[in-house]
Amino acid sequence: MTFDEARLHAWIATWARPAPLVGSSGHDAAVLAPTSGRPVCCTDQTVLGVHVEVDVAPRRFGAKAVARTISDLAATAARPHATLLALRAPQESSETWLRAVLDGARRRAEALGAPAVAGDLTCAPGPAQLSVTALGTLPGRRTPPGRDRARAGQVLLLTGPCGGSRARRHLVIEPRLAAGEALWRAGATALMDVSDGLGLDADRLARASGVRLVLEQVPIHRDARAAARTSGREPLDHALEDGEDHELLATLPVAAARRLLRDGLPGAPAAAVVGRVEGARRAQVGLWLDLAAPEECSDERARAPVRWRGRGWIHGASDADRSRPNG
């Protein structure tokens, strides 16, 4: 089984012309219509056997690659505008399979308001990989949200429960675009999507901001409870460590959080305040657990507050250390 770049290019040329494109289709670079707001861009790689199982349905592969990238726009309160797709695959790849990957990516990008406007194809040894660049816009002139902007006195809000994403949710990511924009407009200063584990990502946010984040509750997804029945781990561990939930973490003033939850956060009916932000000496910076009723937790975390020393996905580490405890 092999593929032919020229045939793939000819097939791509039959796609409907994307709305943002004002230059020539199939040109070396895409010329896009101007948009209002500040440009926002991000890139993510999705590698077969790393981010998805090797036997994944190809359209799921493509769709996930797009959605996980656009989730980073959600974490910046940005509105999607366009995407660029770069696919590399070994020579033995089936052309039918590659078309399905690209078709899954194209359809998901259009559904999320960011049609594919350009890209690249290459043949190389190793597992197939789809890299997606997402372009968006941030309206207004307010300071953009960032993981380094949590402030003491704020509360920590999470848009939904976590854990157990491998059951299926890691393939059907729903970027919290409406929630991200609503949070920022309401006064959120720090935003981040949960991709490498709630505990690890919250700890990263705390360290980037130089604060102590204190988790007071952890919403546990039903998939985490299901996973715990066979894994030998507690549901709380799955919720804190599994990753690929792509819910948003946000820090914002107490009154703003109350108003948002009272009125309903768009696209996030299960959103909840899960903790607080405190000023801290250098040795205290990071994530702490203060679980008043630590559900299904039998270890030292029942004696709160304690520093989080859990695990999360760390690329580049060995299999033994990929989820190594935080120092």
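Of the strands (runs of 3 or more DSSP E) lying entirely inside segment 192-299, the ones with 3 or more residues being open to solvent by 30 Å² or more (accessible area, probe 1.4 Å) are found at 272-278. Of the candidates VAL101, VAL47, VAL56, the single residue that is open to solvent by less than 60 Å² (accessible area, probe 1.4 Å) and either assigned to a loop (DSSP other than H, G, I, E, B) or not assigned by TED's automatic domain parsing to the domain that holds VAL132 (or both) is VAL56.
Looking at ASP223, ASP242, which is the one that is touching a helix residue (DSSP H, G or I) at 6+ places or on another chain (Cβ under 8 Å), under 27 Å from GLU278 (Cα atoms) and outside the structural domain of ALA63 (by TED's automatic domain parsing)? Spell out how you get there, then give the answer.
Working: ASP223 fails: under 27 Å from GLU278 (Cα atoms).
Just a single option satisfies the conditions, and that option is ASP242.
Summed over segment 166-179, residues that are open to solvent by less than 20 Å² (accessible area, probe 1.4 Å) and within 12 Å of the chain's Cα centre (by Cα) total 3. Taken as a whole, segment 86-109 holds no residue that is in contact with a Lys or Arg (Cβ under 8 Å, 6 or more places away or on another chain) and within 17 Å of CYS41 (Cβ to Cβ). Pairs meeting the criteria (first residue in segment 35-61 and over 17 Å from ALA128 (Cβ atoms), second residue acidic (Asp, Glu), beta carbons under 8 Å, at least 6 apart or on different chains) are CYS42/ASP72. In segment 184-191, the count of residues that are touching a Ser or Thr at 6+ places or on another chain (Cβ under 8 Å), farther than 24 Å from ALA67 by Cβ and assigned by TED's automatic domain parsing to the domain that holds PRO253 is one or more. Taken over segment 238-295, the residue count meeting the criterion of being among the β-branched types (Val, Ile, Thr) and within 18 Å of the chain's Cα centre (by Cα) is 1. Which of the residues spanning segment 125-141 are open to solvent by less than 30 Å² (accessible area, probe 1.4 Å) and at pLDDT 95 or above? Answer for segment 125-141, where residues must be open to solvent by less than 30 Å² (accessible area, probe 1.4 Å) and at pLDDT 95 or above: ALA128, LEU130, SER131, VAL132, ALA134, GLY136, THR137, LEU138.
Using the structure shown, decide if ALA118 is crowded, with 24+ Cβ neighbours inside 10 Å, in contact (Cβ under 8 Å) with a residue 60 or more places away in the chain and hydrophobic (A, V, I, L, M, F, W, C). So ALA118 fails the test.
Here are ALA86, ALA67, ALA16: which of them is over 30 Å from ALA188 (Cα atoms) and either outside the structural domain of LEU121 (by TED's automatic domain parsing) or open to solvent by less than 50 Å² (accessible area, probe 1.4 Å) (or both)? Break it down stepwise before answering.
On the way: ALA67 fails: over 30 Å from ALA188 (Cα atoms); ALA16 fails: either outside the structural domain of LEU121 (by TED's automatic domain parsing) or open to solvent by less than 50 Å² (accessible area, probe 1.4 Å) (or both).
Exactly one residue qualifies, and that residue is ALA86.
With the structure loaded, tell me whether ARG149 is open to solvent by 10 Å² or more (accessible area, probe 1.4 Å), assigned to a helix (DSSP H, G or I) and more than 11 Å from ALA74 (Cα to Cα) or whether it fails that test. No, not satisfied.
Residues checked against (1) more than 20 Å from ALA75 (Cα to Cα); (2) among the small types (Gly, Ala, Ser):
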| position | (1), (2) |
| --- | --- |
| ALA179 | no, yes |
| ALA190 | no, yes |
| LEU198 | no, no |
| ASP203 | no, no |
| ALA226 | yes, yes |
| ASP245 | no, no |
| GLY264 | no, yes |
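The values are calculated or read from the model by the stated rules, or taken from the named source; none is laboratory data. Note that the structure is a prediction, hence the values are computed from the model and not measured. Glycine also receives a Cβ, built like all others from the backbone with ideal geometry; neighbour counts cover every protein chain displayed. Each accessible area value is taken on the protein alone, full model and side chains, heavy atoms only, with ligands, DNA and RNA left out. Shrake-Rupley method; radii C 1.70, N 1.55, O 1.52, S 1.80 Å.
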